[in-house]
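What follows is calculated from the coordinates using simple rules that are stated; it is not laboratory data. Keep in mind the model is a prediction, meaning the values are calculated, not measured.
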């Protein structure tokens, strides 16, 4: 009877550990998605600024002197 109780406790410790591992992994995954999205948005904003600068330079070059 005590052997069954020990195995039951071991089983529940493993189950709870796996659930905790899943929650931690899922949280870190979502966090990484948000961080990567922020980095991408910053890079896009930087590229847009550079393109605006290039457009301005090209427009100045087209103007008659």
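Please compute one quarter of the surface area of the Cα convex hull for the chain and express it in square nanometres.
Working: hull surface 17.4 nm².
Computing the convex hull of the Cα atoms and averaging its projections yields 4.3 nm².
Suppose only helical runs count, i.e. DSSP H with n ≥ 4. What mean residue ellipticity at 222 nm does that imply for the chain under -39500 (n - 2.57) per run, divided by all residues and rounded to the nearest 500 deg cm²/dmol? Intermediate values should be presented prior to the final figure.
Working: 1 runs with 61 residues, N = 65.
It lands at -35500 deg cm²/dmol.
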